[in-house]
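Let me begin by presenting the structure, written as structure tokens, before commenting on it.
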């Protein structure tokens, strides 16, 4: 059975893909429609082909699935990767693909994570011997609020994309932080994909070894921003969107 993992960046999707890949009968291609995926092609084709694929990815996705020899094939689709994500997910669902929505419950941490990625140019995971990204860092108030607003805007669009579309949900804080939770959620996904149970475990470190409160210099100041009128408004929508879900 085929599947797609849909969500916004910095929600634990890379970790989730790594966990799923541990199943011997599953293949997940990561950000199949992301621009970086196409950088290995001829330079004169990169922009043109990628723009066309973003507009009309359905034939390409079906073709990619046929190339897999595994029982389950999937890929990761971030919100910005497709020009019409609702159309793409509906198309795949009609062809019996399993839709998986990955999300992060804490708006504050999500905005911080996005700021860290923008400011350091670093995203994803690293080995236990590499700590070069753990130096103290400071985020501008305007940048943080802009990122928080962007998270809310994408969240609003996500809800529109998923309206009435059956899907499974994976939440970073509830499903991906501990090994027991990881095995529980992966067992649910494997069962939905008609795969035999398989244990999952990872030795990969989190992107940041220490909590944000220890290396973000103005952490307390950013926390206070969530108590401003703008912050309260953003948080209210965020909380309501999860309550509705």
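The values are calculated or read from the model by the stated rules, or taken from the named source; none is laboratory data. Note that the structure is a prediction, hence the values are computed from the model and not measured. Cβ coordinates were reconstructed from backbone atoms using ideal geometry, including for glycine residues, and neighbour counts include every protein chain displayed.
Has segment 10-28 got any residue that is modelled with pLDDT under 90 and exposed (fewer than 15 other Cβ atoms within 10 Å of the Cβ)? No, because not a single residue in segment 10-28 is modelled with pLDDT under 90 and exposed (fewer than 15 other Cβ atoms within 10 Å of the Cβ).
Go through segment 9-33 and report how many residues are free of Cβ contacts under 8 Å to residues at least 60 places away in the same chain and closer than 18 Å to residue 201 by Cβ. Break it down stepwise before answering.
Filtering segment 9-33 for residues free of Cβ contacts under 8 Å to residues at least 60 places away in the same chain gives 17, 21, 27-33.
From what is left, the residues that are closer than 18 Å to residue 201 by Cβ are 17, 21, 28.
Here the count works out to 3.
Listed by first and then second residue, the pairs with beta-carbon distance under 8 Å, at least 6 apart or on different chains, first residue in segment 45-60 and more than 12 Å from residue 81 (Cβ to Cβ), second loosely packed, with under 11 Cβ neighbours inside 10 Å and modelled with pLDDT under 85, are 46/39. Contact annotation: residue pairs with Cβ atoms under 6 Å, 6 or more positions apart or on different chains, pairing a residue in segment 207-218 that is farther than 17 Å from residue 10 by Cβ with a partner that is modelled with pLDDT of 85 or more and assigned to a helix (DSSP H, G or I), are 213/219.
As a summary of the residue check, residue 91 satisfies the conditions (1) more than 26 Å from residue 200 (Cα to Cα); (2) modelled with pLDDT of 90 or more; (3) surrounded by 18 or more Cβ atoms within 10 Å (Cβ to Cβ) except for the one numbered (3).
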